[in-house]
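For reference, the structure discussed in these notes is given below.
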Amino acid sequence: MRADIERNTAEAVDGWNNPVAPVFTPHLSALPCYVWGRQNRAVVDGSKTAMIEDLRGLFPLGADLRQGDEIARVTDRRGETLIAGRLRIETPPQRRRSHLEAALQRIQ
């Protein structure tokens, strides 16, 4: 798998001290990775139903990844889209012995 990573470059505040709208620009291209879902279940509460998905990603050691970066797309080596839609790196990447691991969140 390969990931195209984008980073928010608009990290300023407006006149009311609120963060400005994010501007994501390409950061890393075709970064080797492995993205998978550990669980996908529905939680029903009366008339409401929520889908809970636990996504994880493995990345090479030394990759410049931060919490808040977004994965624009995940492809295979030939460029075929494997995971459609954007994924946000939800937690700071954790260093393991041979890789970085991070929890991901699907952006709607």
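The values are calculated or read from the model by the stated rules, or taken from the named source; none is laboratory data. It should be emphasised that the depicted structure is a prediction, and the values quoted were computed from it without experimental measurement. For neighbour counting, all protein chains shown are included, and Cβ atoms are generated from backbone atoms with ideal geometry for every residue, glycine included.
Considered as a group, the residues in region 73-108 that are surrounded by fewer than 17 Cβ atoms within 10 Å (Cβ to Cβ) and of a type in the set (A, V, I, L, M, F, W, C) include one that is nearest to R2 (Cα to Cα), and that residue is L82. The residue that is farthest from Y34 (Cα to Cα), among those in region 1-15 that are in a loop (DSSP other than H, G, I, E, B) and out of contact with any Cys (no Cβ under 9 Å at 6 or more places or on another chain), is G15. Taking the criterion of being within 16 Å of the chain's Cα centre (by Cα) and of a type in the set (K, R), the residues of region 39-98 that qualify are R56, R66, R73, R86, R88.
Of all residues in region 83-108, those that are in contact (Cβ under 8 Å) with a residue 24 or more places away in the chain and closer than 13 Å to D64 by Cα have Cβ atoms under 8 Å from Cβ atoms of residues that are hydroxyl-bearing (S, T, Y) and assigned to a loop (DSSP other than H, G, I, E, B), 6 or more apart or on another chain, in A102/T91. For region 29-108, the strands (runs of 3 or more DSSP E) that sit wholly inside it and include 1 or more residues that are at pLDDT 95 or above and either under 29 Å from E11 (Cα atoms) or of a type in the set (A, V, I, L, M) (or both) are 34-45, 48-59, 70-75, 86-89, 100-107.
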